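Structure incoming, see below.
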Amino acid sequence: MSASLRLILGDQLTLSLPIVEDATKSRDIFLLAEVREEATYVKHHKLKIAFLFSAMRHFAEELKDNGYQVEYCRYDDDDNQGSLLKQLKHTLEKHPSLDSVIVTEPGEYRLQQSMQQWSNQLGVPVNVLDDPRFLSSPEDFAQWAEGRKQLRMEFFYREMRKRYRILMDDDSPVGGKWNYDSQNREPMPADHQVPEPTVFEPDDITNDVIALVKQEFDDHFGDIDNFYFAVTREQALHVLNTFIEERLPTFGKYQDAMVEGKPWLYHSHLSFYINCGLLTPKEVIQRAETAYYEEKAPLNSAEGFIRQILGWREFVRGFYWHFMPDLAKDNYFSNNRSLPSFFWDGYTNMNCMRQCITETKNNAYAHHIQRLMVIGNFCLLTGLNPQEVQEWYLLVYADAYEWVELPNVAGMILYADGGNLASKPYIASGSYINKMSNYCKNCGYKVSKKSGDDACPFNYLYWRFIDEHEDKLRDNHRMAMIYRTYEKMSQDKLDAARQSAAIFLQKLSKDEEV
Ligand code: FAD
Ligand code: DLZ
Ligand code: SF4
């Protein structure tokens, strides 16, 4: 009788995967391993490691409660081998009855490549199963992409709506429009009260893990004192329930808003749980759709939320596998500036950057517009090196795995792929940040000023970017209006912006305070 060793990775914590459903309880053994290689290939945020290790430990208990045999390797166990491959080898030696290895396809290219060697290295067959949590496979994406001149999320999303019949009236979108993006852009009024986020007190397992992380990963980014995560499916379902009841109805309206001191707003804070397996994207989408049909959430909220998961999340995953490994190396604008040190400590006079980076440090979370239009915008306008930016985003957020982080960074914020993902660079001057947030009120710079020492850096960096990359961007019809404005700018204004940008960028290169 054959028996298999079934490896479950830290972002595959669900009983709904075939690797679990097809297991024979009396023979097969599951392996979950906290290993140095995965925890340090980038220096993940302390909270991210604590969250995943705790969720892994809780999931191992759940497997055991369901009658499965589990080998769980803790980070500080004496026989911890330090890597997934070595831990598999060690476990196979310990259990001679095991004659094959089964694993679910991983979310990162580096691990996928390494798994292709595992069978030779272990001397047993290694069977890599598909990951049916995703609603579109890499093959589906490749088929959809074939022959298209441009790969635009919007068209992919419409196909997904039709395929899964989400928010559809026969063949038409509910409400008559596919997309209610224009109703997702309101700034938040000053006196608006946002519901408190759902937080959990650490239990004994989590407290053990926090102590471990303090000891072993002290040099990693971020604070660990503020542990708030759900670490079981039951807790994650509670976060989902409270989101649907308390936040979804208002999600659409304030999706792009930013408020000083309020990191959570009406966002769902579900990416951690969807990405590591505690929730499935399908159930989350279905809950939002049902809320709309039961008249508990308006269409702009339900559609806006579903678009993020059924559209963007699936699109970037397909995009990642389609363009790897080149995507990781792309650098369309040949940008080479190193990350300034305030990306690590948050010390800058630019209040928007200070707020977003400090919240990232405290929570291993920032919402989409903070990642895109503040930090991402800054990275592109200042020409930071794509590979350094990619590594930063991969390590600072608790929901970050390369399949989702890299397309968002290389494609969406940096335009490093030359426009395969985004139809134009996502850039904005200070006036956008001022419109969507209250950050500018408490800033050392003046958003109303276009150049000079105290002018908002986003203002002059914006025009410097347009100026500098004219050869690569002018022919893009979506940039036509911007270039018409640029042409009408007086030479004096343009020179002043160029000069202020040169001074700012020089300071940045020397890592002086900005
Ligand atoms: P909500 O605003 O409540 O959105 C609902 C869900 O939609 C999210 O939970 C997520 O699953 C999905 N979603 C929304 N936008 C995207 C998107 N652009 N790509 C993929 N899924 C999306 N998301 C990650 O999960 N991991 C990452 O490493 C990550 N890195 C990012 C880097 C950059 C530069 C940018 C611009 C975006 C990144 N995102 C990433 C997407 C998005 O910012 C996060 O999914 C979101 O902020 C998570 O918070 P939330 O659950 O409260 O999201
Ligand atoms: C992110 C992460 C961390 C920090 N640690 C582990 C670990 O110790 N063991 C493990 O199985 N997985 C871990 N993970 C998640 C993996 O890095 C993730 O499965 C791959 O990056 C593929 O997405
Ligand atoms: Fe950011 Fe400029 Fe506003 Fe300051 S003035 S918070 S730098 S956008």
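The values are calculated or read from the model by the stated rules, or taken from the named source; none is laboratory data. Quick caveat: nothing in here was measured; it's all calculated off a predicted structure. Glycine gets a Cβ as well: all are built from the backbone with ideal geometry, and neighbour counts include every protein chain shown. Just the protein is used for accessible areas: all its heavy atoms, side chains included, with ligands, DNA and RNA removed. Shrake-Rupley method; radii C 1.70, N 1.55, O 1.52, S 1.80 Å.
For the stretch 73-83, enumerate the residues that are surrounded by fewer than 18 Cβ atoms within 10 Å (Cβ to Cβ), more than 14 Å from TRP118 (Cβ to Cβ) and not charged (D, E, K, R).
Result: ASN80, GLY82.
Would you mention how many residues in the stretch 290-312 are of a type in the set (D, E, K, R) and surrounded by fewer than 22 Cβ atoms within 10 Å (Cβ to Cβ)?
If we filter the stretch 290-312 for residues that are of a type in the set (D, E, K, R), which is where we start, we get 294-296, 303, 307.
Among the residues that remain, those that are also surrounded by fewer than 22 Cβ atoms within 10 Å (Cβ to Cβ) are: 294-296.
Qualifying residue count, the stretch 290-312: 3.
Same structure again: Could you list, in sequence order, all residues of the stretch 47-82 that are among the hydroxyl-bearing types (Ser, Thr, Tyr) and within 25 Å of GLU21 (Cα to Cα)?
Within the stretch 47-82, the subset among the hydroxyl-bearing types (Ser, Thr, Tyr) is 54, 68, 72, 75.
Once the filter is applied, which keeps residues that are among the hydroxyl-bearing types (Ser, Thr, Tyr) and within 25 Å of GLU21 (Cα to Cα), the stretch 47-82 yields SER54, TYR68, TYR72.
Anything in the stretch 313-347 that is among the hydroxyl-bearing types (Ser, Thr, Tyr) and within 16 Å of ligand 2 (Cβ to nearest atom)? List them, or say none. Spell out how you get there, then give the answer.
So in the stretch 313-347, the residues among the hydroxyl-bearing types (Ser, Thr, Tyr) come out as 320, 332, 334, 338, 341, 347.
Correct list: TYR320 only.
Which pairs do you get when a residue that is under 16 Å from ASP495 (Cβ atoms) and within 16 Å of ligand 1 (Cβ to nearest atom), found in the stretch 437-464, comes within reach of a residue that is open to solvent by less than 30 Å² (accessible area, probe 1.4 Å) and not aromatic (Phe, Trp, Tyr), reach meaning Cβ atoms under 7 angstrom, with the pair 6+ apart or on two chains?
Short answer, once both residue conditions are applied: none.
If ALA496 passes every condition in (1) surrounded by 14 or more Cβ atoms within 10 Å (Cβ to Cβ); (2) within 18 Å of ALA422 (Cα to Cα) but one, which one does it miss?
(2)
Within the stretch 245-278, track down each residue that is within 16 Å of ligand 2 (Cβ to nearest atom) and not in a helix (DSSP H, G or I). Steps first, please.
Filtering the stretch 245-278 down to residues within 16 Å of ligand 2 (Cβ to nearest atom) leaves 271-278.
GLY277, LEU278, listed by residue number.
Then there is this: Give all pairs with beta carbons closer than 7 Å in which a residue from the stretch 7-33 that is more than 22 Å from SER119 (Cα to Cα) meets a residue that is part of a loop (DSSP other than H, G, I, E, B) and more than 15 Å from ligand 2 (Cβ to nearest atom); count only pairs at least 6 apart in sequence or on separate chains.
Going by the 7 Å Cβ cut-off, the qualifying pairs are THR14/THR280; LEU15/ASN66; SER16/THR280; LYS25/GLY67; LYS25/TYR68.
If you don't mind, another one. Mind listing just one residue for me: the one in the stretch 326-375 that is open to solvent by 50 Å² or more (accessible area, probe 1.4 Å) and either farther than 21 Å from LEU508 by Cβ or at pLDDT below 95 (or both) and, of those, nearest to ligand 1 (Cβ to nearest atom)?
Ranking the qualifying residues of the stretch 326-375, first place goes to HIS368.
Quick one: which residue in LYS86, LYS94, LYS64, LYS149 is more than 21 Å from GLU405 (Cα to Cα), among the charged types (D, E, K, R), surrounded by fewer than 19 Cβ atoms within 10 Å (Cβ to Cβ) and at pLDDT below 95? Break it down into steps so the answer makes sense when it comes.
Values: LYS86 fails: at pLDDT below 95; LYS94 fails: at pLDDT below 95; LYS64 fails: at pLDDT below 95.
The unique qualifying residue is LYS149.
Any idea which of LEU47, LEU13, LEU52 is within 16 Å of ligand 1 (Cβ to nearest atom), part of a loop (DSSP other than H, G, I, E, B) and either modelled with pLDDT of 95 or more or open to solvent by 30 Å² or more (accessible area, probe 1.4 Å) (or both)? Outline the logic, then answer.
Details: LEU47 fails: part of a loop (DSSP other than H, G, I, E, B); LEU52 fails: part of a loop (DSSP other than H, G, I, E, B).
Of LEU47, LEU13, LEU52, the one residue that is within 16 Å of ligand 1 (Cβ to nearest atom), part of a loop (DSSP other than H, G, I, E, B) and either modelled with pLDDT of 95 or more or open to solvent by 30 Å² or more (accessible area, probe 1.4 Å) (or both) is LEU13.
When you go through (1) within 15 Å of LYS48 (Cβ to Cβ); (2) touching an Asp or Glu at 6+ places or on another chain (Cβ under 9 Å) one by one for ALA230, which number turns out not to apply?
All conditions pass for ALA230, except number (2).
Cβ contacts < 6 Å: first residue among the aliphatic types (A, V, I, L, M), restricted to the stretch 242-261; second residue open to solvent by less than 20 Å² (accessible area, probe 1.4 Å) and assigned to a loop (DSSP other than H, G, I, E, B), any location; separation 6+ or different chain. Result?
That search, which allows pairs on different chains as well, returns LEU248/ALA297; MET258/SER437.
Return the only residue of ASP191, ASP140, ASP203, ASP181 being acidic (Asp, Glu) and open to solvent by 80 Å² or more (accessible area, probe 1.4 Å). Break it down stepwise before answering.
Numbers: ASP140 fails: open to solvent by 80 Å² or more (accessible area, probe 1.4 Å); ASP203 fails: open to solvent by 80 Å² or more (accessible area, probe 1.4 Å); ASP181 fails: open to solvent by 80 Å² or more (accessible area, probe 1.4 Å).
Testing whether each residue is acidic (Asp, Glu) and open to solvent by 80 Å² or more (accessible area, probe 1.4 Å) leaves just ASP191.
So how many residues does the stretch 452-478 have that are in a loop (DSSP other than H, G, I, E, B) and open to solvent by 40 Å² or more (accessible area, probe 1.4 Å)?
Count: 4.
Considering only the stretch 372-404, state which residues are under 26 Å from ILE466 (Cα atoms) and under 9 Å from the mean Cα position of the chain (by Cα).
Answer for the stretch 372-404, where residues must be under 26 Å from ILE466 (Cα atoms) and under 9 Å from the mean Cα position of the chain (by Cα): just TYR393.
Go through the residues of the stretch 178-186 one by one and say whether even a single one is of a type outside the set (Asp, Glu) and farther than 24 Å from GLU154 by Cβ.
Step one: list which residues in the stretch 178-186 are of a type outside the set (Asp, Glu), which gives 178-180, 182-185.
Remaining after also requiring farther than 24 Å from GLU154 by Cβ: none.
Checking the stretch 178-186: not a single residue is of a type outside the set (Asp, Glu) and farther than 24 Å from GLU154 by Cβ.
Does any residue of the stretch 156-168 turn out to be within 26 Å of the chain's Cα centre (by Cα), of a type in the set (D, E, K, R) and under 26 Å from ILE19 (Cα atoms)?
Yes; the residues of the stretch 156-168 include at least one that is within 26 Å of the chain's Cα centre (by Cα), of a type in the set (D, E, K, R) and under 26 Å from ILE19 (Cα atoms).
Give all pairs with beta carbons closer than 9 Å in which a residue from the stretch 110-122 that is farther than 12 Å from LEU85 by Cβ and free of Cβ contacts under 8 Å to residues at least 60 places away in the same chain meets a residue that is open to solvent by less than 60 Å² (accessible area, probe 1.4 Å) and within 11 Å of ligand 2 (Cβ to nearest atom); count only pairs at least 6 apart in sequence or on separate chains.
From the stretch 110-122, the pairs are GLN112/GLU105; GLN112/PRO106.
Also: Of GLY430, GLY444, GLY411, GLY419, which residue is touching a Leu at 6+ places or on another chain (Cβ under 8 Å) and away from ligand 2 (no atom under 16 Å from the Cβ)?
GLY411
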